[in-house]
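Contents: one structure, followed by commentary.
Computed from the coordinates by the stated procedures, all read-outs in this text should not be read as laboratory data. Values in this document were obtained by computation on a predicted structure and should not be read as measured data. A quick note on method: Cβ atoms are made from the backbone with ideal geometry, for glycine too, and the neighbour counts reach across all protein chains shown.
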């Protein structure tokens, strides 16, 4: 009688050893699909060593964040809201205005919403680097281009 194979569970030290850096160009890509691809890589779900409670993911650099697209009329209709906690502290801003003011924020917020809402999720978000233009200061890490999955290429 053969015993069952043991389930693999990554240890935090093992997970840190084989981290890679990826770069993805956001130009012309839909925000939600881009964010789900990024969240998958940050969590490490694209690796065979994925363990839910351990950070097994890689670093992701996003360039050309100001050129990300949204479908439909979301540029005018989609609203980002926040509240300062003070009376009258509610602020609302359209996606188009936010993209002009701070182009990195929509991608960061979209990815943050797809990560776990705990300490691990906050740790994973620190591995995301978003830049409005085509340049980034992480050339020393030798990032590789990340293959972005589109609907046409998945079929």
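For residue 80 and residue 139, a Förster radius of 41 Å and the Cβ-Cβ distance give a FRET efficiency of 0.85, rounded to the nearest 0.05.
If a/c stays under 1.5 just call it rounded; otherwise compare a/b with b/c (prolate if a/b is bigger, oblate if not). Do that for the chain, with a ≥ b ≥ c from the square roots of the Cα gyration tensor eigenvalues. Prolate. Applying 1/(1 + (r/R0)^6) with r as the Cβ-Cβ distance of residue 9 and residue 126 and R0 = 30 angstrom yields a FRET efficiency of 0.85.
Helix 31-43 axis versus longest C-alpha principal axis of the chain: approximately 30°, rounded to the nearest ten.
For the chain, relative contact order (Cα pairs under 8 Å, six or more residues apart, normalised by length) works out to 30 percent. Computed from label points 7 Å out along Cα-Cβ, the spacing between residue 20 and residue 92 is 4.4 nm. Calculated [222 nm] ellipticity per residue, helices only, for the chain: -8000 deg cm²/dmol; basis is -39500 (n - 2.57) per DSSP H run with n ≥ 4, divided by all residues, nearest 500.
Of all the options 89, 113, 121, the one that moves most in a Gaussian network model of the chain with Cα springs shorter than 10 angstrom is 89.
Listed from fewest to most Cβ neighbours within 10 Å, the set 74, 117 follows the order 117, 74.
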